[in-house]
């Protein structure tokens, strides 16, 4: 015996609410990303947030004063890159559960994923939707 139209719609609405709440949790987690990396000899400390945005740069010791400008610049740049990579990895981890199976979240963040691969040529419909639309395989 099939379920009534009302029950099917209620079921779809419940699924939608679950997905919406999961999306809100993911967004919250992304906003909370904060990754701090400290260079060797504690010359510089860099904090990156979601999207690789640098939110803080500190020089925790006076070690930077004894460095040549090119050496300090290299330390700052490599620490920034490492903090951004760490933040991207956390973001990928947060988003991964909501991606289709087989999609590498890390590659998605670096732009190495074919975006068309995220959608199938035909939409995936659950049984309730198929019943409402009278679609049969």
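Numbers for the structure displayed
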| quantity | calculated |
| --- | --- |
| Most to least packed among 69-79, 6-16, 46-56 [average Cβ atoms within 10 Å] | 46-56, 69-79, 6-16 |
| With eigenvalues of the C-alpha gyration tensor scaled by 5 and rooted, the chain, Å | 48, 16, 7 |
| R0 of 30 Å, Cβ-Cβ distance residue 122-residue 31: FRET efficiency to nearest 0.05 | 0.30 |
| C-alpha long axis of helix 69-95 to longest principal axis of the chain, angle in ° | 20 |
| The chain: relative contact order in percent, alpha carbon pairs under 8 Å with at least 6 residues between | 21 |
| Least to most buried among 23, 115 (fewest other Cβ within 10 Å first) | 115, 23 |
| Where labels lie 7 Å past Cα in the beta-carbon direction, separation of residue 58 and residue 6 in nm | 6.0 |
| Nearest-ten-degree value, helix 5-31 long axis tilted from longest Cα axis of the chain | 0 |
| Computed E for residue 107/residue 74 - FRET, C-beta separation, R0 30 angstrom, nearest 0.05 | 0.60 |
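Read-outs throughout are calculated quantities, based only on the coordinates presented, and are distinct from any laboratory measurement. It should be emphasised that the depicted structure is a prediction, and the values quoted were computed from it without experimental measurement. Every residue, glycine among them, receives a Cβ derived from its backbone with ideal geometry; neighbour counts consider all protein chains shown.
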